[in-house]
Amino acid sequence: MSTPASAAPGAAAVPGTPAGSTVEAGAPSAVEQRLAELGLALPEVAAPVAAYVPAVISGNHVYTSGQLPFINGKLEATGKVSSGTEAASDEATVSPEAAKQYAAVCAVNALAAIKSVIGDLDRITRVVKVVGFVSSDPSFTGQPGVINGASELLGRVLGDAGQHARSAVGVAVLPLDSPVEVELIAEFA
């Protein structure tokens, strides 16, 4: 089982994200300051692994592509999320607790994608929708708890603007054998 290297129990830490690593130079936004208070920093926007862009603007909404839990440009864990008792194969598994932390990593990566197209995360007025995908062992039914990692992080850094509608879906496999993937729709001014 793979787990985030430096995650503290009960914390929504983004392990391996170097402090001070930001998308652009300049004064950090209030959102970035709240991330820093949590020991987090925005990473570079992950390069697409296929034919798409990380985020697009339509009207006053930003739609992110699905974000994987890349930390320093790589996936720290791969495999299906499993409680441990149902996985009988030799396939790699990820615990629900670790997957929840990886969902928070996905949310931070999505914020980086949003910043890449609107320039300042303080322009976000509301996260409208979060869609989370969990690569699940067939018996695993805890997808909502896993995607809480993303939802809770957004609430911590955006306050009321981080409250959102959400879907949490179990799937057979995700790109690069990632355990989780998260996409956001955010409104901005």
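The values are calculated or read from the model by the stated rules, or taken from the named source; none is laboratory data. All figures in this text were calculated on a predicted structure; none of them were measured in a lab. Every residue, glycine as well, gets a Cβ built from its backbone with ideal geometry; the counts of neighbours run over all protein chains shown. Surface areas here come from the heavy atoms of the whole protein model, side chains and all, with no ligands, DNA or RNA. Shrake-Rupley method; radii C 1.70, N 1.55, O 1.52, S 1.80 Å.
Values for this structure:
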item	result
Of all DSSP beta bridges in the stretch 41-189, antiparallel share, percent nearest 5	65 percent
Label point 7 Å beyond Cα of Val128 along Cβ direction - residues of the stretch 137-175 with amide nitrogen under 16 Å	161-167
Per-selection Rg to Rh, the stretch 140-189 - Cα, Kirkwood hydrodynamic radius	1.01
Principal axis dimensions, largest first and in whole angstrom, of the stretch 81-142 by Cα	47, 19, 15
Percent of Cα pairs exceeding the 19 Å cut-off, where the set is the stretch 46-115	44 percent
Surface accessible to a 1.4 Å probe, per residue, for the residues of the stretch 94-189, Å²	34 Å²
Of all accessible heavy-atom area on the stretch 68-159, the percent that carbon and sulfur account for (1.4 Å)	47 percent
Cα-based equivalent ellipsoid, the stretch 47-168: semi-axes from gyration tensor eigenvalues, Å	27, 16, 12
Förster-model FRET efficiency, 30 Å R0, Ala27 and Val171, C-beta, rounded to 0.05	0.15
